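Below is one structure; the comments refer to it alone.
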């Protein structure tokens, strides 16, 4: 497995070694020891799988009391996966990075705690799988507007995205109380 750095320190792409032949392919999607060698030492406690149709945009989400690091990948289809630095006091606060994840490129993205996360589906459907370093808590689920002009994410959309009611009503980063954001100095 190879680690590829992004413009946001801590957020990285993971490129597994893929063994292909006429029958198909094989890859290790998770290998704790190899990830630790790459500096990723989180304890993974939950796996999630979401299937979505073209134009579905999920995010931008984060948990505060139970922050989650994530390893995200796509087994079928293509998405643009996005991480936004929301750590108060961070030199990269409010900046975002995006990466195309697909069933073809087999890339994964590692998102440490302190970042909001979201993605948009670019193919007809996509199966999005991700590991979390803490459990999901409905009462600790926060969101930031997907179209916050201050963040300026360049979503590759043809028209309006398909959003949940919750994602359609999240505030921009500038309207979130400082106490509802992680502190750069206190993030693991």
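The numbers here are math on the coordinates, done by the rules we state, and not lab data. The structure displayed is predicted, hence computed values, not measured ones. Here the Cβ positions follow ideal geometry from the backbone for every residue, glycine too, while neighbour counts run over all protein chains shown.
For region 2-27, which residues satisfy the criterion of being over 19 Å from the mean Cα position of the chain (by Cα) and assigned to a loop (DSSP other than H, G, I, E, B)?
The answer is 17, 22, 23.
Report every pair of residues separated by at least 6 positions or lying on different chains whose Cβ atoms are under 9 Å apart, first residue within region 7-19 and without any contact (Cβ under 8 Å) to a residue 60 or more places away in the chain, second in a loop (DSSP other than H, G, I, E, B) and surrounded by 15 or more Cβ atoms within 10 Å (Cβ to Cβ).
If the second residue must be in a loop (DSSP other than H, G, I, E, B) and surrounded by 15 or more Cβ atoms within 10 Å (Cβ to Cβ), the pairs left are 17/1.
Out of the residues in region 130-147 meeting the condition of being assigned to a loop (DSSP other than H, G, I, E, B) and in contact (Cβ under 8 Å) with a residue 40 or more places away in the chain, tell me which one is nearest to residue 29 (Cα to Cα).
Ranking the candidates gives 133 first.
Please verify whether residue 92 is in contact with a strand residue (DSSP E or B) (Cβ under 9 Å, 6 or more places away or on another chain) and over 23 Å from residue 39 (Cα atoms), treating the condition exactly as stated.
no
Any idea which of (1) in contact with a helix residue (DSSP H, G or I) (Cβ under 9 Å, 6 or more places away or on another chain); (2) surrounded by 13 or more Cβ atoms within 10 Å (Cβ to Cβ) is the one residue 91 doesn't satisfy?
Of everything listed in (1) in contact with a helix residue (DSSP H, G or I) (Cβ under 9 Å, 6 or more places away or on another chain); (2) surrounded by 13 or more Cβ atoms within 10 Å (Cβ to Cβ), residue 91 misses just condition (2).
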